[in-house]
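Report on one structure; see the data block that follows.
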Amino acid sequence: MHNLFADWYRQVDLSVSADTLTSRWKCVEAAVTKLDQDSVLQLARVCFGMAAPPGSTAVEGALAAQAFKEADVSFPMKGNEQLLRVLYGVTLAQAIVENHPLATLAALAVTCSHCSGLVPPPPIEELTGIAESHLVTRGQAVRSSSLEDPVVLPKFGKIDLVPPGPVDIQETPNQAHWAQVHQNFQNLKTWVDQVNAAVEALGNASSKTRAEVTAAFKANSERAALEGRISVLKEECDVLWWLFAEHDSVTNRPWAQHSARELCMRVGRELAELLTFYEPCLEARSFLAKALSRTEAHDEAVAFADLIDAGSNEWCVAVAQDVRVLVRQTGSVTPLHTCLVERVDATARWKERIPEASSLRPEQQLSPVQWADQALREALLLSWLENRHGG
């Protein structure tokens, strides 16, 4: 049982007994085992008091609620809204803490829903911190472990080689010195034996060396760790090229010729495409700040509606086509992409739909770097849904 569970549960029952806590914790454990990607998104929405995506017919968190009931027959199924919000938050927290296969998805869903504090905090106030800690710790671990794993090298052993010694040849000035001739033949035989032994040792050493080199190449070609090393180095190179280029691929102009409001969502999405892993690298926000520092008005706060309205129509249409299906799953968990799709699909009154679609208000503001970081996390979450399919 989590050491803060009793404190969290007292939000719904100040005098909760130890037996009830034990029963409710079994509910949480049961729900964690049944988590899938849809239920993770649903629990995040309920935790942060967000509405379900438009057109959704599923009851938010129904799978977890059913797991609660199966684990504890006394679990109330009516008049339990705050109880569900608390236990849904605990379920997400526990899934992240125990490194569930969906832990990264849960952490991204929580941090995206939080949206730098623009939405009311969830009942489990530590939930956002738990999610952030997982993304930092996991992101560092997957990158550093790949770089620390060495490449397999051939294991060259010591060669026992005895070089042939000098040959002592006696002079034979005339035919009467047959004894000296015989001795010379004996000395030559000994020397030839030494040469043969040295050649054989060299042949054996060459064969072992060839076998070790072949084994090393084979081991390196088959090791997933080597692929991980290459992926991390590629990520670093791609991000460095991106930062040094200072170029907007959409308009084919330098960043310096744009305002921060125009670029903050684009640079967030671009950085997400360059990252190898779904967990942002530790320096991600610094990279975004570096990119936006080249733009105009990069220190001025930007309103949510102005942010969505700032992108070119061509770019918005292209992004909407890529994410439209996915945001039907995420809804208000990914407010930037959800409202961008609303801008493309809805009428001129799309701004009026912002509160319903995203649980944010049009006038709420963040700095360009915060919006860019939000776009980065949302893009990673959408990428997870597209590529992992809950795996």
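The values are calculated or read from the model by the stated rules, or taken from the named source; none is laboratory data. If you're wondering where the values come from, they're calculated on a predicted model, not measured in any experiment. Glycine also receives a Cβ, built like all others from the backbone with ideal geometry; neighbour counts cover every protein chain displayed. Just so you know, the surface numbers come from the protein's heavy atoms only, side chains and all, with ligands and any DNA or RNA stripped out. Shrake-Rupley method; radii C 1.70, N 1.55, O 1.52, S 1.80 Å.
Scanning the range 251-290 for residues that are polar (S, T, N, Q) and more than 15 Å from the chain's Cα centre (by Cα) returns 251, 252, 257, 259, 286.
Residue 225 satisfies every condition listed in (1) aliphatic (A, V, I, L, M); (2) open to solvent by 10 Å² or more (accessible area, probe 1.4 Å); (3) at pLDDT 90 or above except (3). Pairs are defined by a Cβ separation below 6 Å, a sequence spacing of at least 6 or placement on different chains, a first member in the range 65-91 that is under 24 Å from residue 125 (Cβ atoms), and a second member that is assigned to a helix (DSSP H, G or I) and of a type in the set (Lys, Arg); the pairs so defined are 75/69. Selection within the range 303-322: residues that are open to solvent by less than 10 Å² (accessible area, probe 1.4 Å) and β-branched (Val, Ile, Thr). The member of this set that is nearest to residue 352 (Cα to Cα) is 308. If you scan the range 234-285, which residues turn out to be within 30 Å of residue 110 (Cβ to Cβ), without any contact (Cβ under 8 Å) to a residue 12 or more places away in the chain and outside any helix (DSSP H, G or I)? Within the range 234-285, 283 is the sole residue that qualifies. The one condition from (1) under 30 Å from residue 277 (Cβ atoms); (2) polar (S, T, N, Q); (3) modelled with pLDDT under 90 that residue 17 does not meet is (1).
Among the residues of the range 354-378, what is the count of those that are within 16 Å of residue 331 (Cβ to Cβ), in contact (Cβ under 8 Å) with a residue 12 or more places away in the chain and open to solvent by 10 Å² or more (accessible area, probe 1.4 Å)? Write out each step before concluding.
The initial filter retains those residues of the range 354-378 that are within 16 Å of residue 331 (Cβ to Cβ), namely 354-360, 374, 377-378.
Adding the requirement that they be in contact (Cβ under 8 Å) with a residue 12 or more places away in the chain leaves 354, 356-360, 374, 377-378.
Filter again for open to solvent by 10 Å² or more (accessible area, probe 1.4 Å), leaving 356, 359, 377.
The total comes to 3.
Based on what the data block shows, is residue 342 touching a residue at least 12 places away in the same chain (Cβ under 8 Å) and either touching an Asp or Glu at 6+ places or on another chain (Cβ under 6 Å) or open to solvent by 10 Å² or more (accessible area, probe 1.4 Å) (or both)? Answer is yes for this residue.
Residue-level analysis places residue 63 outside the set of residues that are in contact with a Phe, Trp or Tyr (Cβ under 9 Å, 6 or more places away or on another chain) and part of a helix (DSSP H, G or I).
Would you confirm whether or not the range 134-149 contains a residue that is assigned to a loop (DSSP other than H, G, I, E, B) and either on the phi < 0 side of the Ramachandran plot or modelled with pLDDT under 70 (or both)? Yes. State whether the residues of the range 27-35 include one that is open to solvent by 80 Å² or more (accessible area, probe 1.4 Å) and under 19 Å from residue 127 (Cβ atoms). Yes, the range 27-35 has at least one match. Looking across the range 330-379, the residues that are more than 24 Å from residue 259 (Cα to Cα) and under 29 Å from the mean Cα position of the chain (by Cα) come down to 330, 331, 332, 333, 357, 358, 359. For the range 66-102, give me each residue that is in contact with a helix residue (DSSP H, G or I) (Cβ under 8 Å, 6 or more places away or on another chain), open to solvent by 70 Å² or more (accessible area, probe 1.4 Å) and in a helix (DSSP H, G or I). Those that are in contact with a helix residue (DSSP H, G or I) (Cβ under 8 Å, 6 or more places away or on another chain), open to solvent by 70 Å² or more (accessible area, probe 1.4 Å) and in a helix (DSSP H, G or I): 70, 97.
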